[in-house]
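Peer 1: Sharing a structure here in structure tokens format.
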Amino acid sequence: VGHLHLSLGTSKLWVPDSIRGPYFLICIVQVEILDAKTREKLCFLDKVEPQATIAEIKNLFTKTHPQWYPARQSLRLDPKGKSLKDEDVLQKLPVGTTATLYFRDLGAQISWVTVFLTEYAGPLFIYLLFYFRVPFIYGRKYDFTSSRHTVVHLACICHSFHYIKRLLETLFVHRFSHGTMPLRNIFKNCTYYWGFAAWMAYYINHPLYTPPTYGAQQVKLALAIFVICQLGNFSIHMALRDLRPAGSKTRKIPYPTRNPFTWLFLLVSCPNYTYEVGSWIGFAIMTQCLPVALFSLVGFTQMTIWAKGKHRSYLKEFRDYPPLRMPIIPFLL
Amino acid sequence: MGRLTEAAAAGGGASAARSAGPPPAPLSLSSTSPGCAAAMASSEEDGTNGGASEASEEREAVGKRRRLGLLATIWLTFYNIAMTAGWLVLAIAMVRFYMEKGTHKGLYRSIQKTLKFFQTFALLETHLKPVETGIYFMLLTCDFFCLFVCLQIVHCLIGIVPTSVLVAGVQVSSRIFMVWLVTHSIKPIQNEESVVLFLVAWTVTEITRYSFYTFSLLDHLPYFIKWARYNFFIILYPVGVAGELLTIYAALPYVKKTGMFSIRLPNKYNVSFDYYYFLLITMASYIPLFPQLYFHMLRQRRKVLHGEVIVEKDD
């Protein structure tokens, strides 16, 4: 067993490997981490294996700077470039024997699961406050009274079911490719969801609520739309979950399965969004409440933006992507 | 060429500089990460790429600007000259009125038609923006708006100015709001001094701004116009904001008394709206917005006039 140092600056160790043969060559790389803005040298790691992933480097970096846990770190080859992925291997990157990585602090992070649970639990709870007409909302004589309209009770069931479904999906169905998001998102998201929930619930459960113009017919039709879209949305989530094995981050083109609700994949890249919009339109027709319609519109706008983005990345990643598919609305959008 | 990214006035009311604001966009516009199989209908944000995408959008916008066709340049030049002329006409009308009558009472009435014409004409600006976000700004109808609908269709096809639809939309809509929803609709306040305050601020601002754009388009920008644009706002912006706030404040009693623009329950669509509280909230919204825009313009000023390199704070 001997040591050999080459003048190129790479440290090479000849180390015996009893499995593969007498000697096994390992290259060792050095990594320096600089601040992307100030170019200040933050950390120098020597004796890093070339097969090390960015995730491992992040862990090493956290040891010297514990306030920057790995989820907060953005490491990149160029100060203004794209962030490197956790799975990227050092060896495969265009670096020399000393890799220079630039660090940017992403700010406090919070896990997706936490955000989702908080933003969905809020509307569930808030709507029920209005449904049961707790004091200080409507006026003393209405406290804890109940609406005489069937549709109001139905709406409560639908709304609650929707958010319970979302909570359960967050816990048991979804597989997230990112672990965390910036902390400020939770405030933004919760304001949106909780605010709209309160606004809708206020009018639907108001003592002066006016039931739909076309009566039971309208409610039945709307309920059918709502239920179908909820089932559809759930089917898509399950199909997407089955597309990706647990713990992996592989990406595949989703295709229709035996479940008829997934046949929408033939026409649309993101049928989960399509069904979601459909659910809210159903709910709006059922309650005939303008704030619900506005909420659907805002949600539709946002989901269209996401769907277009995802559609574009599908097209970029897969050459054989089905050409008939549109992002969110079949044939149109 | 065309508007600069900040598309902000050199001064004037909050609405004038609003487009300069760093976009505190209400909707998260970052797209989902590719293949995030379980991304649900809530704010999905790829935190790492948020800043990069905005930066690249700006770079793309600069590139777009350079590629402005001849026709677009001619049109924009005409538009900016027309707006400069329009605001000059307004300014002259105001000065003449004051010289003749010696009072500001009745001033608004005499200039309102011109004001509405040119302010509403500014709606065009919304549609000079790239329409990637697909958000079109539906605005109030008014007598003169019909004339500009045809022009807006033309503008949609062009999409040459780099400012985002959202930012410009906010700016234009707040102007429209002040002119149509407050000053026009609430007659008793038209003789208030605060109206003159913001009118003067807007007029000087817009003349400087549009002549700045005109000369930039013609690649022949006299230094004093640039100087004016980046210095007048220091005084004019607070003055304009003061004028606007005082006007809204003066309007409050009338709104409460008449219950105008309000919808009460019960009604078929189960919605209600109280214009009085809406005005209060609008006034309150100046508190977070005004400093942001003001300091943004100050930073722009340091960058443009003094060549300082400003390191933007990370998102």
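Peer 1: State the antiparallel share, in %, of DSSP beta bridges confined to the stretch A:29-107, rounding to the nearest 5.
Peer 2: Antiparallel: roughly 60 percent of the beta bridges in the stretch A:29-107.
Peer 1: Report the label-to-label distance for B:His184 and B:Lys256 in nanometres (one decimal), using points 7 Å from each Cα along the Cα→Cβ vector.
Peer 2: Label at B:His184, label at B:Lys256, 2.7 nm between them.
Peer 1: How much length, in nm to one decimal, is gained on full extension between A:Leu231 and A:Lys92, taken as 0.36 nm per residue of separation minus their Cα-Cα distance?
Peer 2: Full extension from A:Leu231 to A:Lys92 adds 45.6 nm.
Peer 1: Okay, moving on. Summarise the partner chain shielding of B:265-277 as one whole number: the mean count of Cβ atoms from other chains within 10 Å of each residue's Cβ.
Peer 2: 5
Peer 1: Sticking with this one: Starting from the Cα-Cα distance between A:Tyr69 and A:Lys220, subtract it from 0.36 nm times their residue separation and give me the gain in nm to one decimal.
Peer 2: On the way: separation 151, 0.36 × 151 = 54.36 nm, distance 5.20 nm.
Net length gain for the segment: 49.2 nm.
Peer 1: Would you please give the residues with an amide H less than 5 Å from that of A:Thr180, counting only those at least 5 places away or on a separate chain, with H modeled from the backbone geometry?
Peer 2: Residues meeting the criterion, in which the H sits 1.01 Å from N, are A:Trp112.
Peer 1: Right, another one. In terms of the Cα gyration tensor, with a ≥ b ≥ c the square roots of its eigenvalues, is the stretch A:115-317 rounded because a/c is under 1.5, prolate because a/b exceeds b/c, or oblate?
Peer 2: Prolate, since a/c reaches 1.5 and a/b exceeds b/c.
Peer 1: R0 = 22 Å: FRET efficiency of B:Phe78 with B:Lys303, Cβ-based, nearest 0.05?
Peer 2: 0.15
Peer 1: Rank the residues A:Arg166, A:Arg104 as a footprinting-exposure proxy: fewest other Cβ atoms within 10 Å of their Cβ go first.
Peer 2: Numbers: A:Arg166 25, A:Arg104 19.
Fewest-to-most ranking of A:Arg166, A:Arg104: A:Arg104, A:Arg166.
Peer 1: Using a Förster distance of 25 angstrom, determine the FRET efficiency expected from the C-beta separation of A:Ile253 and A:Leu171, and round it to 0.05.
Peer 2: Efficiency computed from Cβ-Cβ geometry: 0.40.
Peer 1: For B:Lys116, which lysines qualify as cross-link partners when the Cα separation must be under 19 Å and same-chain residues fewer than eight apart are set aside?
Peer 2: Partners found: B:Lys105, B:Lys187.
Peer 1: Next question. Calculate one ³J(HN,Hα) per residue across the stretch B:250-261 by plugging θ = phi - 60° into the Karplus curve 6.51 cos²θ - 1.76 cosθ + 1.60, and present them in order as whole Hz with x for glycine and proline.
Peer 2: Residue by residue, the stretch B:250-261 yields 5, 7, 3, x, 5, 5, 5, 5, 8, x, 6, 6 Hz.
Peer 1: While we're on this one: If we count other beta carbons within 10 Å of each Cβ, what is the order of B:Met283, A:Met303, fewest first?
Peer 2: Numbers: B:Met283 14, A:Met303 22.
Final ranking by Cβ density, sparse to dense: B:Met283, A:Met303.
Peer 1: Can you give the angle from 0 to 90° between the axis of helix A:150-172 and the longest principal axis of chain A, with both taken from C-alpha atoms, to the nearest 10?
Peer 2: Its long axis makes an angle of about 10 degrees.
Peer 1: Let me ask something additional. If amide hydrogens are placed 1.01 Å from N in the peptide plane, which non-local residues have theirs closer than 5 Å to the one on A:Asp143?
Peer 2: none
Peer 1: Spelling out what I want: for every residue of the stretch A:138-144, take phi, set θ = phi - 60°, compute 6.51 cos²θ - 1.76 cosθ + 1.60 (Karplus), and round to whole Hz; glycine and proline get x.
Peer 2: 10, x, 4, 6, 9, 4, 6
Peer 1: Let me ask you something else. Label-point separation (nm) for B:Gln292 and A:Leu267, each offset 7 Å from Cα along Cα-to-Cβ?
Peer 2: For B:Gln292 paired with A:Leu267, the spin-label model returns 4.0 nm.
Peer 1: Just to confirm my numbers, what's the Cα centroid distance between the stretch A:233-275 and the stretch B:184-246 in Å?
Peer 2: 54
Peer 1: Peptide A:185-198: average number of partner chain Cβ atoms within 10 Å per residue?
Peer 2: Numbers: counts 6, 1, 0, 7, 5, 2, 1, 5, 2, 0, 0, 0, 0, 0.
Counting Cβ atoms of other protein chains within 10 Å of each residue's Cβ and averaging gives 2.
Peer 1: Can you tell me the orientation of helix A:184-204 relative to chain A, as the angle in degrees between its alpha-carbon axis and the longest Cα principal axis, to the nearest 10?
Peer 2: 10
Peer 1: Order of B:259-269, A:129-139 by packing, highest average Cβ count within 10 Å first?
Peer 2: Top of the packing list down: A:129-139, B:259-269.
Peer 1: Determine, for A:Val113, B:Val241, A:Val152, the number of other Cβ atoms within 10 Å of each Cβ, and report the residues in order from fewest to most. Before the final figure, lay out the partial values.
Peer 2: Numbers: A:Val113 14, B:Val241 24, A:Val152 17.
The fewest-first ordering by Cβ neighbours comes to A:Val113, A:Val152, B:Val241.
Peer 1: To the nearest whole number, what is the average tally of beta carbon atoms from other chains within 10 Å of the beta carbons of peptide A:116-127?
Peer 2: If you average over the peptide's residues, the count of other-chain Cβ atoms is 1.
Peer 1: Same structure again: What ranking, highest mean first, results for peptides A:43-50, B:81-88 when packing means the other Cβ atoms within 10 Å averaged over each residue?
Peer 2: Ranked from most to least packed, the peptides come out as B:81-88, A:43-50.
Peer 1: Could you rank the peptides B:228-234, B:293-299 by their average count of other C-beta atoms within 10 Å per residue, with the highest value first?
Peer 2: B:228-234, B:293-299
Peer 1: Using θ = phi - 60° and the Karplus form 6.51 cos²θ - 1.76 cosθ + 1.60, what ³J(HN,Hα) does each residue of the stretch B:272-281 get, whole Hz, x for Gly and Pro?
Peer 2: Listing the rounded values in order: 9, 8, 10, 5, 4, 5, 4, 5, 4, 5 Hz.
Peer 1: List the extent of the Cα atoms of the stretch A:49-94 along each of their three principal axes, largest first, rounded to whole Å.
Peer 2: 28, 26, 14
Peer 1: Given labels modelled 7 Å from the Cα in the Cβ direction, how far is it in nm from B:Thr114 to B:Ser285?
Peer 2: It works out to 3.0 nm between the two label points.
Peer 1: Once amide H atoms are placed 1.01 Å from N in the peptide plane, what residues at a sequence separation of 5 or more from A:Arg175, or on another chain, have their amide H within under 5 Å of its amide H?
Peer 2: Here B:Ala38 satisfy the definition.
Peer 1: To test your reading of the geometry: what angle, between 0 and 90 degrees and rounded to tens, separates the Cα axis of helix A:271-287 from the longest principal axis of chain A?
Peer 2: The answer is roughly 20 degrees.
Peer 1: Name the lysines eligible as straight-distance cross-link partners of A:Lys141: C-alpha to C-alpha under 29 Å, and not fewer than 8 places from it in the same chain.
Peer 2: B:Lys256, B:Lys257, B:Lys268
Every read-out reported here was derived from the displayed coordinates using simple, explicitly stated rules and does not represent laboratory data. The structure displayed is predicted, hence computed values, not measured ones. So basically every Cβ, Gly included, is an ideal-geometry build from the backbone, and we count neighbours across all protein chains shown.
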